[in-house]
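Notes for the one structure printed next.
Just so it is clear, none of the values below were taken in a lab; they were calculated from the coordinates. None of these values were measured; they are calculated from a predicted model. Reconstructed Cβ throughout: ideal geometry from the backbone, glycine too, with neighbour counts over all protein chains shown.
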Amino acid sequence: MRFENGRESDNIEDRRGGGGGMAFGGRSIGVGTVVLALVAWYFGIDPSLVLNQGAMAPAATQQQGPARPVTETASEAQARKLVAMVLGDTEVTWGKLFEAAGREYPQPKLVLFRGQTQTACGRGEAAMGPFYCPGDEKVYIDLAFYDELARRFRAPGDFAQAYVIAHEVGHHVQHVLGISDKMRQAQQGRSEAQKNALLVRLELQADCFAGLWAKQAVASGNLTLEPGDVEEALTAASAIGDDTLQKQARGVVVPESFTHGSSDQRVRWFSRGLEQGDVRACDTFKAREL
């Protein structure tokens, strides 16, 4: 994978050196909630659904402290640069798509952190993996996740890393377009299995949006895919399917508990976005089969 323009996003908030964060009033986040969030991520559940549902979190105020210099390894520096370039390219791609639809694209910020950090959705932990918080419209990632992606999930490579960021930006697009809110409204009064089924459609759409970004970026000349890149992303999508994670964790697969989709489904919808590059092709909510 190679970016032709080399543009890095300015919307990066680096908290790895400490010195900043969010202070919350009202309800606090206890250890029990954090543990639930870690378990949720392990089984493929969006941690923001555990950590106060984003919009339900108490109001946050910014706390500024003395920022400390960030010391990073060569691999961390490389990952940081890649993340900034991927985010920058998603800004260009989605900006053009929104403009074509007569709208302005509100760019999300991406927060780099180590260990844990406060968000408008509650406390974020590195073990939760990358996630999007609709409460503050920010993507959060501890770059150590990429080591986990390569080692535990056996999905190395720069395009696999790019897929992760593009997927979370896809959740931001869903938030901006009101898709996430409509999904949560549709969940009201439904059984747990039915709620999970709607979550699966939301996650698969974000996968499709990730593929759509790559297709559009290549078509615009901003991104060049090299041999093996697509396979890297497909391996990552397959590795974090609900069925694969559940089988690794419990030895059994419980489809009604899926919240992100099976490995085959995640690969299928990412591929669909990559092949067609059209927002209309990513309407998982109207699809008869996933």
Q: Using Cα positions and a limit of under 30 Å, work out the lysines in reach of residue 81, with same-chain residues fewer than 8 apart set aside.
A: 96, 109, 138, 215
Q: Among 200, 279, rank each residue by its count of other Cβ atoms within 10 Å, from fewest to most, as a rough exposure measure.
A: 279, 200
Q) Which whole-Hz couplings ³J(HN,Hα) result when phi for each residue of segment 262-279 is put into the Karplus expression 6.51 cos²θ - 1.76 cosθ + 1.60, θ = phi - 60°, listed in order with x for Gly and Pro? A) 6, 4, 4, 5, 5, 5, 4, 7, 5, 4, 4, x, 5, 7, 9, x, 10, 4
Q) Counting other Cβ atoms within 10 Å, which trypsin sites (Lys or Arg not before Pro) in segment 171-207 have at most 15 and lie in a DSSP loop? A) 190
**Q.** Interchain or long-range residues, amide H under 5 Å from residue 109's placed H
**A.** 139
Q: Would you mind ranking 212, 199 so that the residue whose beta carbon has the fewest other beta carbons within 10 Å leads the list?
A: 199, 212
Q: Would you mind classifying segment 123-251 by shape? Square roots of the alpha carbon gyration tensor eigenvalues, ordered a ≥ b ≥ c; an a/c under 1.5 is rounded, otherwise it is prolate if a/b is larger than b/c and oblate if not.
A: oblate
**Q.** Residues 180, 238 arranged by fewest to most Cβ contacts within 10 Å
**A.** 238, 180
